[in-house]
Amino acid sequence: MTELRKILVSILGHVDHGKTSLLDQIRRTSMQSKEAGGITQAIGASNVPIDVIQKICKKLPMFKSLKFIVPGLLFIDTPGHAAFTSLRKRGGSLADIAILIVDINEGFMPQTIESIEILKFYKTPFIVAANKIDMIGGWRSSDKPILDDIKEQNPQVQTEIETKLYELVGKLHEFGFESERFDRVEDFSKQVGIVPISARTGEGIPELLMVLTALAQKFLEQCLICDSTGQGKGTILEVKEEKGLGTTLDVILYDGKIKVNDTIVLGGVSGPIVTKVRALLEPKPLAEMRDKSSKFTGVKQAVAATGIKIAAPGLDEAVAGMPLRVATQENLEQVKEEIQKEVEEVLVETDKEGIIIKADTIGSLEALTTLLKEKGVNIRKAGVGEITKKDVTEAESSIETDPLNAAILAFNIPVSDEVLNFSKNIKIIHNDIIYKIIEDFEVWVAEKQKAMEEKELEGLVKPCKMRLMPNYVFRQSNPAIVGTDILAGELKVGTGIMKDGKEITHVKSIQYEKESLSKVEAGKQVALALPNVTVGRQINENDTLYSSIPEPDFRKLKEFKKYLKKEEIEVMKEIAEIKRKTNPLWGL
């Protein structure tokens, strides 16, 4: 029997921008309505029946024109990445639609950007909840519809709201999304609607739920058709140890039903896992799932769309983000093949050379991979779970071929001191914000490249161009001491100095503001001590001189020119041109 299932909704956004507060406000509104069948807590989800949405939205002008055809909303209570894995349907994601929550006063932050990238990658439709309007200076709260509420604010507050909304419109445009305040949107298939809200006071929440439901009904109706009597299909949200139950799975069931004693097939990294449902568990009414002491109630069966905890033997190798299917004896092999194919299609493609990445779920791994590939970073190995000593050893093997690949990036997983101390030769970067991982990796690469450059160029005579400054001759000879403008490159003590293609002297010492230096770079004016020359004979004021680069050093510098600055390469060309006047093959 086919019917429309609940809309699966994920809430994404930066930490402290109000994801939890929004859900808490919707729950609280539901409880205040005292409607039968209010919000119930499922495993990893909050179930909002359609009658609750109708009760919350009934005061809105647009309410009468909307016909509700879905049974409700199922808010997925999980970090954004976990809800975005193409293992639900090939090329899709666990969420049908998403709410991107942004603090209207703070604007876009690292996790906001990360969330936008994920939504873009998985092509998931979304609306923006511009939260914390009540924190705008001078805001006066009321229980009126949000647009009426805004109209009744003083002009300065209205202007500030408009300014902040258009800042969000501008930021969304940078990521390729056209957007507008929800009541001004001309076409929701081309523009993202922005709904101003306060998760604290509840203002704007009815409009948010109304727009969300209307959008899903209009654009996602075909996606919401499910077979409530068919074999259950779901996605593993979390793998947890529960006292007295052992390893359990928190699963979002998005199609069909599942019963105690059903045979289930799970996607596994090394192949499908087949087991039998020992128990199905739901939270007790109004239980808070984030509370570790929450008690569960056993049920005989669960029907999509809902969240359910599954206890079964042999779950030790289960991985968050993997698919789960109910199977019968007759179609077991077929289901195993389908799941294996699905897993193979989304497992991250890797390169022959590159860094190693690890994450907590397949969805997180995909998100990290996508952002790294956009930056042109090669990935040698990608896996789910904690970093092992084997990972460290594999990363170490890159040191010989390319030291910049001797790194492991870990997203949203703990890293033990044992692993961190296992090798000091590789870089381990771990964080629960993808953008922070990538930023830290880019900083490390830049520092590592600089160190490698210094090592490769160590001992070579570097290109340098200088001009002897007029009226700054401190001594004519024995040695000559002359004020010199370093025009380009780098000059070290001991470097030979060339004029007209011949080495005539070397740098005995460098003085800058009464301080002796061992080397000097472009842009500084220094006093050079030059033996074996006399000002007025071999050298003169305004002379342009060059460092005298030995031919082998010149060839080596050409080999490593990627480490040289543009100005240094230009100086090398000038030196080569001068040298080739007497020796056409010099430096080739």
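The values are calculated or read from the model by the stated rules, or taken from the named source; none is laboratory data. Everything quoted here is computed from the prediction, not taken from an experiment. Heads up, the Cβs are rebuilt from the backbone with ideal geometry, glycines too, and the neighbour counts pull from every protein chain shown.
Quick notes
- Of all residues in the range 234-247, those being surrounded by 21 or more Cβ atoms within 10 Å (Cβ to Cβ) and either of a type in the set (Phe, Trp, Tyr) or farther than 21 Å from residue 383 by Cα (or both) number 1.
- Criterion applied to 243, 218, 233 was being at pLDDT 80 or above, out of contact with any helix residue (DSSP H, G or I) (no Cβ under 8 Å at 6 or more places or on another chain), more than 28 Å from residue 4 (Cβ to Cβ) and not acidic (Asp, Glu), and the one residue passing it is 243.
- Among the residues of the range 246-275, just one is at pLDDT below 85 and among the hydroxyl-bearing types (Ser, Thr, Tyr), namely 270.
- Subset tally (residues that are at negative phi and in a loop (DSSP other than H, G, I, E, B)) for the range 537-588: 19
- The residue that is surrounded by the fewest Cβ atoms within 10 Å (Cβ to Cβ), counting only those in the range 120-155 that are among the aliphatic types (A, V, I, L, M) and closer than 18 Å to residue 191 by Cβ, is 147.
- Taking the conditions (1) within 20 Å of residue 474 (Cα to Cα); (2) surrounded by 15 or more Cβ atoms within 10 Å (Cβ to Cβ) in turn, residue 531 satisfies each one other than (2).
- Candidates 379, 428: the one that is at pLDDT 90 or above and closer than 23 Å to residue 115 by Cβ is 379.
- Being over 48 Å from the mean Cα position of the chain (by Cα) and within 30 Å of residue 452 (Cβ to Cβ) is a condition met by at least one residue of the range 546-567.
- Members of the range 410-425 found to be loosely packed, with under 14 Cβ neighbours inside 10 Å and part of a loop (DSSP other than H, G, I, E, B), listed by number: 414, 416, 424, 425
- If you filter the range 299-313 down to residues that are of a type outside the set (A, V, I, L, M) and at pLDDT below 90, you find that the one that is surrounded by the most Cβ atoms within 10 Å (Cβ to Cβ) is 307.
- Looking across the range 219-257, just one residue is in contact with a Leu (Cβ under 8 Å, 6 or more places away or on another chain), farther than 23 Å from residue 273 by Cα and β-branched (Val, Ile, Thr), and that is 225.
- When the range 510-536 is limited to residues that are in a loop (DSSP other than H, G, I, E, B) and among the small types (Gly, Ala, Ser), the one that is farthest from the chain's Cα centre (by Cα) turns out to be 536.
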